[in-house]
Amino acid sequence: MTTQTKPDNATHWSTRSMAEAAGISATSVRRIWKAHGLKPHLAIPRSLYTDISFMDEHG
């Protein structure tokens, strides 16, 4: 869910919003994300990968 969807009202999942959507605690979300190396707040939106000017500036 973290990598395949995004919340309706934000650019990325927070531990609280993911916990609410998944029906688990925020602590469980933190543990799962840590175990899988997920950091949604650091992800670059896919639309930027196709933006040539962004890629020129950011490699």
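The values are calculated or read from the model by the stated rules, or taken from the named source; none is laboratory data. Owing to the predicted nature of the structure, the values given are computational and were not obtained by experimental measurement.
A few points about this structure:
- Positions within region 1-30 being basic (K, R) and modelled with pLDDT under 90, in sequence order: K6
- Remark: K34 matches the filter, which requires a residue to be of a type in the set (K, R) and at pLDDT 90 or above.
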